[in-house]
Amino acid sequence: MKAFDRKHIWHPYTSITDPLPAYPVARAEGVRLQLEDGRELIDGMSSWWCAIHGYNHPVLNDAARSQLEQMAHVMFGGLTHEPAIRLAERLIEITPESLRYIFFSDSGSVSVEIALKMAVQYWHNLGKPAKRCMLTVRGGYHGDTFGAMSVCDPVTGMHSLFGGIVQEQLFAPRPETPFGEALRDGDTDELQVLFEENHAQIAAVILEPVVQGAGGMWFYSADYLRTVARLCKEYDVLLILDEIATGFGRAGKLFAAEYADIEADILCLGKALTGGYLSLAATLANDRIRDGISANEGILMHGPTFMGNPLACSIASASVDLLLESNWQGRVSRIETRLQTELGKYRDHPGVSDVRVLGAIGVVELDSDIDVAEVQKRFVEAGVWIRPFGKLVYLMPPYVIGEDDLTRLTAAVELALERD
Ligand SMILES: *Cc1c(COP(=O)(O)O)cnc(C)c1O
């Protein structure tokens, strides 16, 4: 079986002919992944930001089962259903009041495509078709489809490989001011110039608020976001916030934009939305977007096959309820404190260039690239699931993780620092 996988199945960001090893998992429960050979690993990744409640959760399992007995899926064209309506109500309720219209799609990348499309259609409909370019910052990540790729960091997003196919967008430097600090002099200068010179062509700014995730796990100042929001108003540019990674408490607030107290015109949600059960995403918009797109009888031209999938929507509602009924803030802040103390110890370790923690995210940045296959093997042998990338070892465990398990994760990080 493993040989078949290795030969025939693509895994993310690795070669098909000489892939990084993949470990077969038989089941998962709580914060533990059980490998087929019987070994148990403590999960430090929440399966890429998603499994916030841990695996095999009885409440989410029940939601899946009871929805399954009604219907797994029906098309959303001309039909609607309670699971989508309930989830929409819930998401509109917990996001800023101005976001009142929702588009369901099947993955984060697609929700970003929809956000970009909304922005372009908005200006087109209002008779300003020249406003069709996006402005963003370096170091971002918004997904792997072509529109989303165009606003990812040009280097890690491999724009040179796809030159001419990927839309050219405007990039300001990565925000330099770290989270928690007042904006450093000059940090938004280039951004300001880009606004000044190009606002007639810019449809929207798109950003991951506070936490740049897959583009380098960087936490930047909320002041930067406030400046962006101000410039958007000043130059009549829409603001798209991508909270696909940060949404649902991961960075310490239910949504990371709360740190800056700003509101987006368009908001993307995904990842933890279903607690890691199924792929589902949502794009929310305000009155301005609704009215703009609807002007001159305009309609939003999008409609994924699995739009509003009832099974995913039911689980998502259950997951959001479970989160809000839990003491998630207490949990996330306990994780944050422990990560700060226990990862903080690596700060002076040779080869470590930075340690940073925000909410339930802990990052140890090394000064050179990590040998993923080798370090991964050490982690698995130590009974933990931690997946480094580039120079980064990071932890983002399920919120339900116990103190001892978390300490096992932070202790294991040292295995990535041993050089041979
Ligand atoms: C993961 C991610 C995406 C893409 O979501 P997919 O579900 O993988 O398509 C977009 N934006 C951010 C910030 C992400 O972390």
Going through the stretch 326-356 in order, the residues found to be basic (K, R) and in contact (Cβ under 8 Å) with a residue 40 or more places away in the chain are R331, R334, R338, R356
Let me spell it out: the conditions are (1) in a strand (DSSP E or B); (2) more than 15 Å from the ligand (Cβ to nearest atom); (3) under 12 Å from A257 (Cα atoms), and D223 meets all of them except one. Which number is the exception?
(1)
Quick check on the stretch 239-250. Is at least one of its residues out of contact with any helix residue (DSSP H, G or I) (no Cβ under 7 Å at 6 or more places or on another chain) and either surrounded by 23 or more Cβ atoms within 10 Å (Cβ to Cβ) or at pLDDT 95 or above (or both)?
no
Number of the condition not met by E196 [criteria: (1) within 16 Å of the ligand (Cβ to nearest atom); (2) not in a strand (DSSP E or B)]:
(1)
Within the stretch 122-138, does at least one residue satisfy the condition of being farther than 21 Å from F103 by Cβ, of a type in the set (G, A, S) and either crowded, with 22+ Cβ neighbours inside 10 Å or not assigned by TED's automatic domain parsing to the domain that holds V228 (or both)?
no
Members of the stretch 398-414 that are surrounded by fewer than 18 Cβ atoms within 10 Å (Cβ to Cβ) and part of a helix (DSSP H, G or I):
E403, D404, T407, R408, A411, E414
Name every residue in the stretch 1-12 that is exposed (fewer than 15 other Cβ atoms within 10 Å of the Cβ) and in a helix (DSSP H, G or I), in order of residue number.
K2, A3, F4, D5, K7, H8
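To keep it simple, each residue is scored yes or no on (1) farther than 16 Å from A312 by Cβ; (2) assigned by TED's automatic domain parsing to the domain that holds A214; (3) not basic (K, R).
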{"site": "R6", "(1), (2), (3)": "yes, no, no"}
{"site": "H11", "(1), (2), (3)": "yes, no, yes"}
{"site": "A26", "(1), (2), (3)": "yes, no, yes"}
{"site": "R32", "(1), (2), (3)": "yes, no, no"}
{"site": "R39", "(1), (2), (3)": "yes, no, no"}
{"site": "S46", "(1), (2), (3)": "yes, no, yes"}
{"site": "M75", "(1), (2), (3)": "no, yes, yes"}
Restricted to the stretch 226-256 and to residues being in a strand (DSSP E or B) and more than 12 Å from the ligand (Cβ to nearest atom), the residue nearest to V363 (Cα to Cα) is L239
Can you name every residue in the stretch 155-169 that is away from the ligand (no atom under 16 Å from the Cβ) and in a loop (DSSP other than H, G, I, E, B)?
V155, H159, S160, L161, F162, G164, I165, Q167, E168
Name the single residue, out of those in the stretch 105-149 being away from the ligand (no atom under 13 Å from the Cβ) and among the polar types (S, T, N, Q), that is nearest to L161 (Cα to Cα).
Q121
Could you check how many residues of the stretch 342-397 are in a strand (DSSP E or B) and surrounded by 15 or more Cβ atoms within 10 Å (Cβ to Cβ)?
19
Please state which one of D291, D321, D261 is more than 16 Å from the ligand (Cβ to nearest atom), in a loop (DSSP other than H, G, I, E, B) and more than 19 Å from the chain's Cα centre (by Cα).
D261
Residue check for T305: surrounded by fewer than 24 Cβ atoms within 10 Å (Cβ to Cβ), farther than 21 Å from L207 by Cβ and in contact (Cβ under 8 Å) with a residue 60 or more places away in the chain
yes
Number of the exception - M149 against (1) over 20 Å from H302 (Cβ atoms); (2) modelled with pLDDT of 95 or more:
(1)
Tell me which residues, restricted to the stretch 1-30, are out of contact with any Ser or Thr (no Cβ under 9 Å at 6 or more places or on another chain) and among the small types (G, A, S).
A3, S15, A26, G30
Positions within the stretch 264-288 being in a strand (DSSP E or B) and either buried (at least 24 other Cβ atoms within 10 Å of the Cβ) or within 11 Å of the ligand (Cβ to nearest atom) (or both), in sequence order:
I266, L267, C268, L269, A281, A282, T283, L284, A285
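The values are calculated or read from the model by the stated rules, or taken from the named source; none is laboratory data. The shown structure was predicted, so the numbers you read here are calculated from the model rather than taken from an experiment. With ideal geometry, Cβ positions are generated from the backbone for all residues, glycine too; neighbour counts draw on all protein chains shown.
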